[in-house]
Structure formats: structure tokens, C-alpha cells
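Below is one structure; the comments refer to it alone.
Values quoted throughout were computed directly from the atomic coordinates according to the rules given, and no laboratory measurement underlies them. Predicted model, so just to flag it, every value in this text is computed and none were measured. Don't worry about glycine lacking a Cβ; one is built from the backbone with ideal geometry, like all the others, and counts go over all protein chains shown.
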């Protein structure tokens, strides 16, 4: 990870960590960089960069700053306005853009924001290019000349791109939703218009909540991070299924007809099992991160489906899928990637794919999800003097091994480094919460005995 850009873009408190100047300089560099690429190819055309944003108040500020930076370097800025991250990815790769930019802090509170950069294929941008952006922001590269006269770029209203994305989504469904009552929690975010448009077009009896954004209510007590509201809503209104999205709608969690949460792990189980039955599961493999629940792996074993594990982050999931030609992967949080249809997690595609299984099997979601039971989990964050030193400590390694042997086939333990803090995440999954606590506490005790433990975070 770089100084500013992590695995999911440049993110932080708006106006403090991420400023309008950062956005302007990012636009300046991207506009200049892609104009240089056009010139090197002998193309007599302006570079094209497409921008989308979520509903945060600060998103409008960053949209203007990015567009000013891009056009002042001679490139053209195309504005999708409020839309989803997957929409920006889709439009970037299908409509000949040099790159895409999404302004969003995803599931974070309204006072945060972020800038996500995508390459021409709608994938997360290469680290090398993001490193160059960072160097320009910090003044480590030569100043970029300003365009003048007719070389100044144009800012183009491109709301029509959203409509083409909606058309693409509705074209993915193979059956009408006319007999189903579907609830959508739009988190007062990017999906607040698109979600209803898609499900209405597919014939569903659509019930929508949290679709009145005001710039500060995005993710506030709603959406995929606060799904309890949708759980009650589905039960109270006797809906067949509910879908909850996050702020930029690249995540989706589901709620079954009984009000139970169906998380990303269960969604991957349901969809991969169906894909296997239909001969659509390339390599008979699902790609997960190391944080997927032990219950998912047990369920996949039972279904005869293989799996791979990556580092935490949907970026790593996608890279594995692309390299090995796998078709489905994701995270428990609801980032699920269907690589045949998208190059990023797409909450609306996830909802559509899950609806396909419901309609094809004529089974309620509670029955489809019943084959995958989540194991209890305990995770504690511990501050240590040296992350690598603690992980390499022989006494700590021996305790981890002892816990692994004791749990056997009935659970697991996992140690993972934080990417930004002097913290190790100690996690255990087992048959009971008490057993999880026992294993986690044993590992933390070994760190304390070895002199590495500073504190257990609250």
C-alpha cells in the first residue's frame, strides 16, 4: 500500500485527510498522463476520464476538483453524477475510457470520503501508476503544464451512461420477478435511484427503504452495515427477500423471508453450488479471503467444491480470479464478484444472481442458505511491539499450532497483521463462543509471556 492509496483507494476524513487539493492534483496528473499516452500513440484525440460519485455532501466538492484538474491538463472529464462504483467500472471498460474515478468512502460514515481509481478495463488501478499520482501530490515530480486556449479539456454531462448500465443489469436476468416481493435498503447512497429502476424493470413488487439521501445520512443506521432495519422490514411486510447495499453499492447482503441475514459467504455458497449444477463453475473453485467463515469451507467441502484463499481485500480476490480463470469469489462483507459479468464487486449483480437461483429452484432463501452454517467467531485486536517479530516468535507459533491441533476439524485460529497499525488480529472460529474465547486468549497469553504484548484493544 502507498502513502495515500490503499487497497481500496485514497480514503479518509473529508477536508482533513483527503482534501479538495488532493483531488485536483489527482485529476491534474491523470489528465496529463493519459494525454501523454495518446500523443505517444499518435492519436489526435483527447484523453477521456469518467467520474462517478456517491451521495456524500463532500462528493460534489471532489467531483468539481477532479474535473478541474483533468480539464486543466487537456483531458476531458465525463460526469456520471451519483452512481455506483460498479457502474463506473462497467462504463469505463465498455465505452472506451482511459480510466475511471469513483468518489466514495463505501460503507464509511458521511464525513469520510475517498477516491477510487480504475484502469481502462474497469479494474482497480495498478499500484505503480497510483505511486506516481502520490509522488505528484507530494511535489516529487516536475510540475505539469496547464493547457490553454483550445487545448483545455471539456467537462461533459454523461448521465446517459447510468441508463446504459441499468439496461445492462436488467438484461442479465432470465426470468421475471413479477411474483416476488423484494425489499431494497439503499443506505441513502449510490443505489437510491438505480436499485428501484432495476427491480421495477424486472417486474418485482419493489419495496425500498433508505432512499432519501441528504448528503449526511449515507450509511447512518442503514444499509449492509446496519442490516437490522431491513430484517424487520422484510418480516413486517411479509417480503420474499431483501437486499441491503453499502454506500457505493459494490456490496450486497441479503435477508431471507424469515428475517435472517444471508452474508457474503452464504451468497457465495448458494450461487457456486447452483453454478456447479449448471456447469458454469470454472475449475470447480470459489475464491475467498482468509477471513471467510470456517462454516463456508465445511459447506463447500460437503458440496464437492474447491476453494482458494487470498489476503483480505476484494482486489486480491479479483486478481486471483483473473489469473486462474475462476468465475466467483468474494468476502463475507458482501463484496461478491461474478467475473463473467463484472470486474469488481457489484451489489446489484449479486442480488440479480441470487434472484436467479431463487426463481430457478423455486425455493425460499432460508432453505437455500440452510446448507451453510456460520461458525461462532471471536476476533481481538492486540497491540504488539513488533508485528513480524511476534509472528516469528517460537512460543507464539507453538501456541497457534497447539490451538490448531486442539480444534482439529472443528474450527481454526488465524493471526493477521493490520496494514496500518501496530496491531495483530487474533481470530478463532469453533463450535461455541466459549471455545473461541479460550483459543484466542491462549494465543494472546503466549504473546504476553514472550514480552510482545502491549495491550488488547477495546
In units of 2.2 N^0.38 Å, what is the alpha-carbon radius of gyration of the chain? 1.02
So in the chain, what percent of DSSP beta bridges are antiparallel if you round to the nearest 5? 55 percent
Proxy reagent accessibility, fewest Cβ within 10 Å first, across 154, 353: 154, 353
Could you work out, for region 168-369, what percent of all Cα-Cα pairs fall into each 5 Å distance bin, beginning at 0 Å and stopping at the bin that holds the largest distance? 1, 8, 17, 21, 22, 15, 10, 4, 1, 0
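Translational diffusion coefficient of region 120-189 at 25 °C, 0.890 mPa s, Stokes-Einstein with Kirkwood Rh over Cα pairs, in µm²/s as a whole number.
138 µm²/s
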Rounded to the nearest 5, what % of the DSSP beta bridges within region 106-263 are antiparallel ones? 45 percent
Take 339, 251, 28 and order them by how many other Cβ atoms sit within 10 Å, fewest up front. 339, 28, 251
Volume per residue that the Cα convex hull of region 310-458 spans, once the total is divided by residue count, Å³: 152 Å³
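Work out the FRET efficiency for residue 193 and residue 237 from their Cβ-Cβ distance, taking R0 = 30 Å, and round it to the nearest 0.05.
E between residue 193 and residue 237, to the nearest 0.05, is 0.90.
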For a label point 7 Å from the Cα of residue 298 along Cα→C-beta, name the residues of region 407-439 whose backbone N is under 19 Å from it. 407-414, 427-439
Computed over region 5-158, Cα set: Rg, Dmax in Å: 14.1, 45
With an 8 Å Cα cut-off and a minimum separation of 6 or more residues, compute the relative contact order for region 286-439 in percent. 20 percent
Sorted from fewest to most neighbouring beta carbons within 10 Å, what does the list 174, 92 look like? 174, 92
